[in-house]
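Visitor: I'd like to ask you about the structure that follows.
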Amino acid sequence: MSYLKQLIDNLSYIEEKDRDHLLHLAGQIADRLERGGIIQLFGSGHSSLLAQEPYYRAGGLVPVKPVLVDELLLHNGALQSSERERDPAFGDTFIKDLDIREEDVVIVISTSGRNPVPIEVTLEANRRGAFTIGLQSLSYQETQSSRHESGKRLEEVVDAVLDTRVPVGDAILQEEGIDQPFGPTSTAVGAALIHEVFTRVVVEMKKRGNTPPIFKSGNVEGASDHNERLIEVYRERIDF
């Protein structure tokens, strides 16, 4: 079976099984945006790529902010990002400085859901009253214990979970003569899930009689004025 076919099957299963849950999450996010909040996304390593994916996107929501910590980003050292994410003390170097408010949504991305730093970010967001969502694979919960001092995994500390349903180890293909699975899926599935929920947020806001704040492509005539007006609304909270 091809990688694309496996990926499509996974996404189709999520759409069928989690449709109502995704709609509920969209409503929760719309509530926060209507209160003046923004959507913040945090991840380290490859998860940081997903935190950046919906930011400043043509056709995407404007009030989206990636939480980027240099030591956790791949381009500053892949090994370092993994080590820092697992370091129980590293969160102390940046978490207190985060601008998280009770009207915000904080999406914490961690496929395994077991590492200390994503859990610490979630706990801080909870303390500040934000609505927290874990973007993760619950396939890990039975076999991969928490590395956090509390013994809790990500799904135990967030308000809601977006389950990517990717297998433990991330890879989905196997081939005779190759001794391990290959073909990682968490980024592709995670990006699709984020956009699935955010597009539902757009529709939900419209149903409530509000104009959803959506970026136009910078390559389309007239987009600059449209985008600048929206950026001005959120400039105090988000660096564009």
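Visitor: Quick test for you: out of 221, 236, 196, 232, pick the one residue that is in contact with a helix residue (DSSP H, G or I) (Cβ under 8 Å, 6 or more places away or on another chain) and either modelled with pLDDT of 95 or more or in a loop (DSSP other than H, G, I, E, B) (or both).
Guide: Just one listed residue meets the conditions, 196.
Visitor: Check 215, 131 and return the single one that is touching a Gly at 6+ places or on another chain (Cβ under 6 Å), under 25 Å from residue 49 (Cα atoms) and in contact (Cβ under 8 Å) with a residue 40 or more places away in the chain.
Guide: 215
Visitor: Okay, next question. Quick check on my filter: what residues within the stretch 186-212 are over 30 Å from residue 7 (Cβ atoms) and without any contact (Cβ under 8 Å) to a residue 40 or more places away in the chain?
Guide: 207, 209, 211
Visitor: Of all residues in the stretch 48-66, which are surrounded by fewer than 19 Cβ atoms within 10 Å (Cβ to Cβ) and of a type in the set (A, V, I, L, M)?
Guide: Scanning the stretch 48-66 gives 49, 58.
Visitor: Then there's this: Could you identify the single residue in 80, 28 that is polar (S, T, N, Q) and free of Cβ contacts under 8 Å to residues at least 12 places away in the same chain?
Guide: Going through 80, 28 in turn, the sole match is 80.
Visitor: A further question on this structure: Cβ-Cβ distance below 8 Å, separation of 6 or more or different chains: which pairs start in the stretch 221-240 with a residue that is of a type in the set (Val, Ile, Thr) and end on one that is surrounded by fewer than 15 Cβ atoms within 10 Å (Cβ to Cβ)?
Guide: 231/240
Visitor: Among the residues of the stretch 67-80, how many are surrounded by 21 or more Cβ atoms within 10 Å (Cβ to Cβ) and either charged (D, E, K, R) or within 14 Å of the chain's Cα centre (by Cα) (or both)?
Guide: Adding up the residues that qualify gives 1.
Visitor: Inside the stretch 199-216, can you point out the residues that are assigned to a loop (DSSP other than H, G, I, E, B) and loosely packed, with under 11 Cβ neighbours inside 10 Å?
Guide: 209, 211, listed by residue number.
The values are calculated or read from the model by the stated rules, or taken from the named source; none is laboratory data. Everything numeric in this text was worked out from a predicted model, so none of it was measured. Heads up, the Cβs are rebuilt from the backbone with ideal geometry, glycines too, and the neighbour counts pull from every protein chain shown.
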